[in-house]
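Below is one structure, written out as structure tokens, with a few remarks after it.
Every read-out reported here was derived from the displayed coordinates using simple, explicitly stated rules and does not represent laboratory data. Quick caveat, the model's predicted, so the values are computed rather than measured. Ideal geometry is used to build each Cβ from the backbone, glycine not excepted, and the neighbour counts take in all protein chains shown.
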Amino acid sequence: MAWVFVALGGLFETAFAVSLKYSAGFSRLWPTLSFAVCAVISFMLLTLGLRELPVGTAYAVWTGIGAVGTAVVGMVWLKDPTTVVRIGSIVLIVAGIVGLRLAGTHAVEHVSGGAVDAAGSQAAHQQ
């Protein structure tokens, strides 16, 4: 369920970024309110995901989803330039998100005596 929270939070990040554009520097009421509501929801969902996921992985996936979503919305609806380099860059971000998602919870480090023991805490238990 943690990954669902992170993914939904990333979608709300897209919504708050687009709302930010329409707020015209916080001078328009409804886009500004939309930005604030979407930002709070996005951060709340990320926080729920962080209960079970490593912070670096969850944060990178959250921001990646937000970045890809915002770039796609920009190209499809806001007339941002659509170039081969932009699309290739989005593909690379998606590849990074998938890679982090696949590796995210498998490399949990154990803390032993204040020092990180990446190989596991078996050595500490054998002493």
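The table for this structure:
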item: Residues within segment 9-44 that are farther than 20 Å from Val76 by Cα and charged (D, E, K, R), tallied; result: 1
item: 2 or more residues in contact with an Asp or Glu (Cβ under 7 Å, 6 or more places away or on another chain) and surrounded by 16 or more Cβ atoms within 10 Å (Cβ to Cβ): qualifying helices (runs of 4 or more DSSP H) within segment 1-106; result: 55-77
item: One residue from Gly69, Gly56 being touching a helix residue (DSSP H, G or I) at 6+ places or on another chain (Cβ under 9 Å) and without any contact (Cβ under 8 Å) to a residue 12 or more places away in the chain; result: Gly56
